[in-house]
Amino acid sequence: MKSKSPHILLASSNTRKMLENIRYLLEKDACDAIQDEIDKNVKELFDLGLEHFHFAKQTPSQYWRQRISRFYYGAYNVRRALQLHYSGEYNTDTSDHKKIYEVPNDLPNKEIYKSQLVVIRDDRNIADYDHLASENDLTLTQDEVEKIVTDFIGDVRTFLINRGISL
């Protein structure tokens, strides 16, 4: 991570646990300020996902590799925002991509996302790394990926707003 210290996401790999463990030491206003900073980062991660998503949408379909990749990163960063808010976890390690399917149990359509986000990740790996691949090697079409990611962003947006996050 390129964040400069001090930064809330450098304080702990789990901001929720960190805040719970220091809450007894701090006044309510200080705890609220920490929570506000965490919530700001949730919004910024969500916005990063939207940036990738909108870039993919405006990219011509002939550039299927870039579209699939950016759609994936749109979903991935929205999922990271969701994870930061819901469980407090934040990770920049590449192994975090293996957790793309981890969404809260109370997220609408969670079973669809748990299965389809993994497929989109696999397709992104083909698009990004397999020089011999063609668009026909993808499991999902560009339109299917766009629809799944669109729905995922919408469901996560509603979920976060309903939990008090201003997006």
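Of note:
- From the alpha carbon centroid of the range 100-167 to that of the range 18-94 is 14 Å.
- In degrees, nearest ten, helix 28-58 long axis to first principal axis of the chain (Cα): 10
- Crossing angle, helix 110-129 versus the chain [Cα axis fit, 0-90 degrees, rounded to tens]: 60
- Cα gyration tensor shape for the chain, rounded if a/c is under 1.5, else prolate or oblate: prolate
- Under the simplified labelling scheme, the Asp151-Tyr101 pair shows an inter-label distance of 1.7 nm, with each label point 7 Å from Cα along Cα→Cβ.
- Using a simple spin-label model with pseudo-atoms 7 Å out from Cα toward Cβ, Arg163 and Phe55 lie 2.6 nm apart.
- Gain in span if fully extended, Asp36 to Lys110, counting 0.36 nm per residue against the direct Cα distance: 24.0 nm
- Listed cross-link partners Lys57/Lys147; Lys4/Lys43; Lys40/Lys98; Lys17/Lys40; Lys114/Lys147; Lys110/Lys147 are compared with a 21 Å cut-off, the Cα-Cα value being larger for Lys40/Lys98.
- Cα gyration tensor shape of the range 106-159, rounded if a/c is under 1.5, else prolate or oblate by comparing a/b with b/c: prolate
- In degrees, nearest ten, helix 64-86 long axis to first principal axis of the chain (Cα): 20
No value in this document is a laboratory result; all are computed from the given coordinates. Please read all numbers here as calculations on a predicted model, not as lab measurements. A quick note on method: Cβ atoms are made from the backbone with ideal geometry, for glycine too, and the neighbour counts reach across all protein chains shown.
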